Amino acid sequence: MTDIADLTATELAARYRRKALSPVEVTEAVLGRIEARADLNAFITVTGREARAEARAAEAAMTAGEDLPPLFGIPYSVKDLINTAGVRTTMGSRLFETNVPKDDAVSVARARKAGAILIGKSTTPEFGHVQSPTSPLFGRTLNPIDAGVTPGASSSGAAVAVAAGMGPLALGTDGGGSIRIPAACCGVVGFKPTLGVVPHLQLPDLFGANSFVGPMARTVADAELLFAAIAGADPRDPYGQAAVMLHEPGRPSLEGLRIAWIAQGGARVEGEVASITGRAVRALEAEGARVETTEIDFKSHEAAFLTLLRVGLAARTGPLTKGREALVSQSLLDTIALGEACSGVDLARATAARTVLFQAMQSLFERFDLVVSPTLTAPPLPIDVDPTGDIMIDGHNEGTVRGAWYPFTFPQNLTGHPAISLPCGRTSKGLPVGLQLCAPWYRDRALLAIASTIEAMFG
């Protein structure tokens, strides 16, 4: 029999409604898996006592015959950048080691209302500032597939938890690929919604937002289940107004679907990744999709992305580190310094470049239904790679990690388009490879429907 901790959220929901499982059994199984896989270091805080109490209350409601909400009794984790009322939220930093928010983030409040049981806060580098699964506060998080390679960041613990059966659902954040990169590295599903569809009110600049909250899961159906619970308008978010309607999914058939295949994005793609993702796209074509190879030089937008990232971190976290530099990592201090050195003109130019990229994507969507690419240019990097240094791909120095390894993910943070990473194969060393699908604004549900069809093809 499949271990309870390995059941998907949709399987758990079905069994609850047949009264074939209890939330107490499930919660204990997941907490047991967290304890058994403590070596992976996926959690900063485990909320075992609170989860058990919620599970007992849920079991009583089920026994009493009450109507069950959509996420009833399903354990989930929350990345430690997202506020959770009464539960320590550290931002992965010693600066916030004892911080306990009074209020839930919008996504957490909605998941709670939908019946989900918070199992713990998952690991993240400090303020999600770097592509490394480490922090001075918690140490290093390991990839459950191969401890010698990175699990990706900055939603490191979220991806590891889902992949290793430590809760079927997780909430992550994505400021440049931080949901999709770990999903690709750990062989799970990671979904970044359209800007504003899942309100993220913790951001200091909601008008210039490029960080998103989204679901991570082992299947598209599970990701869709969590997404449905947390998506929706909030008048406090300028991009999340009630007038914005989420389109209903179209027919999830690939027949006639117009796909723009971006194989390189201005970067070098490692041979096996190119082969595996190319084969996946040919399979879509065989199912009736109309595929056209095209290119946008995503890598050339790295400078604009870095300016926005650095300036934002400098403004938000710079003042917090003054006089407390010994508590934070050198990479965060370096990032803050680079942000402080940027001028107003630099920032305006980066914002203008963001607009140019948005217009380029919109031009593609005038002709195509979907933009498809590899999620990453190479398999998971070695665990000890320097996240601020250069990387080698097929024997060539391709420059910095951000531009060379994930030029396909940060563009959607700049443009706001929804994007999802799906596992589409494994390398000869058994490392997972992700395929990224991107859709027009507000076509989130249509994107999930197509992703589910494609997932079934890849097994």
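The values are calculated or read from the model by the stated rules, or taken from the named source; none is laboratory data. Note that this is a predicted model, so its numbers are computed, not measured. Backbone-built Cβ (ideal geometry, glycine too); neighbour counts: all protein chains shown. For accessibility, only protein heavy atoms count, side chains too; no ligands or nucleic acids. Shrake-Rupley method; radii C 1.70, N 1.55, O 1.52, S 1.80 Å.
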Restricting segment 343-378 to residues that are in contact with a strand residue (DSSP E or B) (Cβ under 8 Å, 6 or more places away or on another chain) and among the small types (Gly, Ala, Ser), the residue that is nearest to ALA304 (Cα to Cα): SER373
Test GLY430 against the stated conditions and say whether it is free of Cβ contacts under 8 Å to residues at least 60 places away in the same chain and closer than 27 Å to GLU272 by Cβ. no
Listed residues LEU447, LEU435; which is of a type outside the set (D, E, K, R), open to solvent by less than 40 Å² (accessible area, probe 1.4 Å), in contact with a strand residue (DSSP E or B) (Cβ under 7 Å, 6 or more places away or on another chain) and part of a strand (DSSP E or B)? LEU435
Considering only helices (runs of 4 or more DSSP H) fully contained in segment 1-77, which possess at least 2 residues that are at pLDDT 95 or above, under 17 Å from GLY120 (Cα atoms) and open to solvent by less than 20 Å² (accessible area, probe 1.4 Å)? 23-36, 48-63
Hits in segment 277-287 (condition: assigned to a helix (DSSP H, G or I) and farther than 12 Å from LEU376 by Cα): GLY278, ARG279, ALA280, VAL281, ARG282, ALA283, LEU284, GLU285, ALA286
Reported set for segment 387-425 where residues are in a strand (DSSP E or B) and either among the acidic types (Asp, Glu) or without any contact (Cβ under 8 Å) to a residue 12 or more places away in the chain (or both) is ASP390, MET392, ASN397, GLU398, GLY399
Flagged in segment 313-334 as closer than 19 Å to ALA209 by Cβ, open to solvent by less than 20 Å² (accessible area, probe 1.4 Å) and touching a residue at least 60 places away in the same chain (Cβ under 8 Å), in numbering order, are LEU313, THR317
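Being closer than 25 Å to ALA451 by Cα and either in contact with a helix residue (DSSP H, G or I) (Cβ under 9 Å, 6 or more places away or on another chain) or not in a helix (DSSP H, G or I) (or both), is that true of even one residue in segment 344-358?
For segment 344-358, residues closer than 25 Å to ALA451 by Cα and either in contact with a helix residue (DSSP H, G or I) (Cβ under 9 Å, 6 or more places away or on another chain) or not in a helix (DSSP H, G or I) (or both): present.
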From the residues in segment 375-385 that are out of contact with any Pro (no Cβ under 8 Å at 6 or more places or on another chain) and open to solvent by less than 80 Å² (accessible area, probe 1.4 Å), which one is farthest from LEU431 (Cα to Cα)? VAL385
